[in-house]
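What follows is calculated from the coordinates using simple rules that are stated; it is not laboratory data. Predicted model, so just to flag it, every value in this text is computed and none were measured. Every residue, glycine as well, gets a Cβ built from its backbone with ideal geometry; the counts of neighbours run over all protein chains shown.
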Amino acid sequence: MSAMDDYLATLRELEETGSAAIRTAADPDELERVRVEYLGRKARLTQLLRGIGELPHEQRRPAGAEANRVKRGLLELLEARAADLAAGVAAAAVEIDATLPGRERWRGARHPCTLVTDEICEIFKELGFLRARGPEAETTWYNFMALNTPLDHPAADEQDTFYLDRDIVLRTHTSPVQARVMEQWPPPVRVVVPGVVFRRDPFDASHAPAFEQLEGLAVDEGISFVDFKASIEYFVHRFFGADVVTRFRPSFFPFTEPSAEVDVSCTICHGTGCSACKGTGWIEIMGAGMVHPAVFDNVGYDSERYTGFAFGMGVGRIAMQRYRIPDIRLLYESDIRFLAQFARA
Ligand SMILES: [Zn+2]
């Protein structure tokens, strides 16, 4: 066998093994090792190309042409394989497993106090009550004096109230909005006023220093206690159920006369007595009464001509009743697991 035959046989062997190694390279790293082995500076093909000068003169041209053909072929294969591997890596990176369960989105839920507030406002809307709002930081005039409560009244005591300034308090009830509404509009007036109020109460199972209240006010000529009682009973039957019984107990508030605490028969035991109603069969839901003439005088209404009724209830207490929530703190701790229960399906 001539030196030329040896040369060509070696080229063919390199072409075959090199092509196979390139085609089966499993990843870019392996492909790089194959490139160095077959086409690197120390590779046999490179040495063969350099060794052409040692061949007899007339064989140099065909041997060089063949060696370059093999080299070009391997380079083309290498380039194609590199592109395939790169595409494969990219494909693997975006591969989607359609069998994985989807990620559930947090839908959000309305707070139980908001649910109850909206429901109460909707019921009173049927009776012609509009929604009104007022400031949470209130002057002592609107919070106390306009409502016939002198500043030396226990309710105005620093121990019971958050004073921001000598004459500004965080409102202790939504009632000051009554006075603001009456100053702004002449009678007839029918409003419901939901909002947050503040008391110096400890944060325990049944008290919170900030809580939701809902106030109502109706003023017109000829409004009597019968209208008051009928309106409250309408609300109770719509909200708690047609079979629920209402009870008005005499009470005292500076801004109503006469005043009453309104109880409803316990919705859990239906009046026979249970732990929810502390064995009494009754649940207290609001304080209410006929608007005191002094309040009308304070806001410029003619107290000889107009009468009206007002009521106020703790929305949190009613939400606790409605949803059987045992601790008022659950309403104000922003625990998403608690709130998620109120998400509508
Ligand atoms: Zn009960």
Kirkwood radius from Cα pairs of the stretch 3-93 plugged into Stokes-Einstein at 4 °C, 1.567 mPa s, gives D in µm²/s equal to 93 µm²/s
I need the peptides 306-313, 147-154, 230-237 ranked by packing, meaning the mean over residues of other C-beta atoms within 10 angstrom, with the highest value on top. 306-313, 230-237, 147-154
What are the lysines whose alpha-carbon lies under 29 Å from the alpha-carbon of residue 42, with same-chain residues fewer than 8 places away excluded? 71
Per residue of the stretch 128-140, what does 6.51 cos²θ - 1.76 cosθ + 1.60 with θ = phi - 60° give for ³J(HN,Hα)? Whole Hz please, x for Gly and Pro, Karplus curve as stated. x, 8, 8, 8, 10, 9, x, x, 7, 8, 10, 6, 5
Can you order the peptides 164-174, 46-56 by their average number of other Cβ atoms within 10 Å per residue, highest first? 164-174, 46-56
Looking only at lysines whose Cα falls under 29 Å of residue 278's and that sit 8 or more positions away or on another chain, we get 229
Cys residues of the chain counted as unpaired, since no other Cys beta-carbon is under 4.7 Å: 113, 121
Summing Lys, Arg as +1 and Asp, Glu as -1, what charge do residues with Cβ under 12 Å from the Cβ of residue 331 carry, residue 331 excluded? -1
For a quick check: with amide H placed at 1.01 Å from N, whose amide H comes under 5 Å from residue 251's, ignoring anything fewer than 5 positions away on the same chain? 259, 260, 261
With only alpha-carbon atoms counted, please give the Rg and Dmax of the stretch 112-340, in Å. 17.4, 54
Which part of the stretch 212-247 falls in the paramagnetic zone of residue 280, meaning amide N under 12 Å from the point 7 Å along Cα-to-beta-carbon? 247
Among 283-291, 11-19, 111-119, 201-209, how do they line up from the highest to the lowest mean number of other beta-carbon atoms within 10 Å? 283-291, 111-119, 11-19, 201-209
